[in-house]
Amino acid sequence: MSPGSPKKNVELEYPAAPFCFWTWTAACRLDTLLEDGLRKLILLDDNILSHPNAGNFLEEMAQRNLQVNFTQTLDLRMLDKEKARIIRRIYCSNLKFTRRVYHFSLNDTRNLDLVRRKYQILGFTPGDNVEFICMYGYNTSLAEDVERFRFLRSLPGTYVFVQEYQPIPCGPPADLTHFFDDDADEYIDELIGIVFRQNMKSMEKYYRWLSKCYVQAFGKLHNGLVDTIFKYNNRDSKGRYIATMAGTRGKRKPDPYTLYFIGGLCSKNG
């Protein structure tokens, strides 16, 4: 579906939940898209708040009491008080339309003070569901990643959904030349102490990627990080994970004594 096509919207049927996809254009109007009584929208535009008529679009959604999934996230930098009031009136939803969720993104540590001020305009509380999409593995350092997660944890109602950078054809490659520094262990110790109130399964994806990077850089596991990865899930795989150094070595099958021995060592950081 290419942005800019006036009627490139696709209607799908979920059980008792019809909805349509929509990319913003000047020619598009909700009357056209919401034929047959559709009340749910999945928006594919990646920066609706930058549109000169964004306020009008949002107001119409609010007045129609639509459920809207901003799947490409809303840009906090473009937010003002008027748009914030309207967004709070819209039923911002998750992809399945089963609960209210607000979607934003934070891919680096630039302008965190601005992000906080814009976030405060929305008046979120710890009872809200505010998901921040966080890209990793592109050009941020471990220190910057930890700063991002620490910052987001300080905002009421937030949790994270992490996505590894995947370059598009002819796109810029990842640059992780300076990802680690001399304080890597301290940053990881801080990282595993940052706990969001939901969706920590997504953080586990980042932990596993980080653990493999750590092995490749230092030739050893960070045992505190390994403990965190297997604290709640897949504990029976912990021994093999250690034996293969986070999957960076051949998947040889360790004997039961080795599994017991390395499993015990994992609880000791060093």
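Before moving on, here are some points about what is shown:
- Ranked by how many other Cβ atoms sit within 10 Å of their own Cβ, fewest first, the residues MET61, MET245 fall in the order MET245, MET61.
- Reciprocal mean inverse distance between Cα atoms of region 11-199 - Kirkwood radius, Å: 18.2 Å
- Placed amide H near VAL162: partners under 5 Å, 5+ positions off or other chain: CYS134
- Each Lys and Arg adds +1 at its Cβ and each Asp and Glu adds -1 at its Cβ; summed about the Cα centre, region 92-179 shows a dipole of about 460 debye.
- Fully extending the segment from ASP227 to GLN120, taken as 0.36 nm per residue of separation minus the present Cα-Cα distance, adds 35.0 nm.
- Our estimate of slack between CYS170 and ASP189, defined as 0.36 nm per intervening residue step minus the Cα-Cα distance, is 3.2 nm.
- For region 11-199, the tally of Lys pairs with Cα-Cα distances below 22 Å comes to 4, considering only residues 8 or more apart or on different chains.
- Length-normalised contact order of region 11-199 in % [C-alpha pairs under 8 Å, at least 6 apart]: 15 percent
- Value of D in µm² per second that Stokes-Einstein yields for region 117-189, Kirkwood Rh from Cα pairs, at 37 °C (0.692 mPa s): 233 µm²/s
- In Hz, Karplus ³J(HN,Hα) per residue of region 112-128 (6.51, -1.76, 1.60; θ = phi - 60°; x = Gly, Pro): 5, 5, 5, 4, 4, 5, 5, 4, 5, 4, 6, x, 5, 10, x, x, 7
- Hydrodynamic radius of region 63-164 per Kirkwood, over alpha carbon pairs, in Å: 14.2 Å
- Derived scalar couplings ³J(HN,Hα) [region 175-192; Karplus, 6.51 cos²θ - 1.76 cosθ + 1.60; whole Hz; x for Gly, Pro]: 10, 10, 4, 10, 5, 9, 9, 5, 9, 4, 4, 5, 5, 5, 4, 5, 4, 6
- With the simple model of a label 7 Å out from the Cα in the direction of the Cβ, ASN53 to ASP128 spans 2.7 nm.
- Paramagnetic reach from ARG110 (point 7 Å along Cα→Cβ, amide N under 19 Å) across region 134-151: 134-149, 151
- The value of relative contact order for region 143-253, using C-alpha pairs under 8 Å at least six residues apart, is 25 percent.
Every read-out reported here was derived from the displayed coordinates using simple, explicitly stated rules and does not represent laboratory data. All values reported here derive from a predicted model rather than from experimental measurement. Note: ideal-geometry Cβ built from the backbone for every residue, glycine included; neighbour counts use all protein chains shown.
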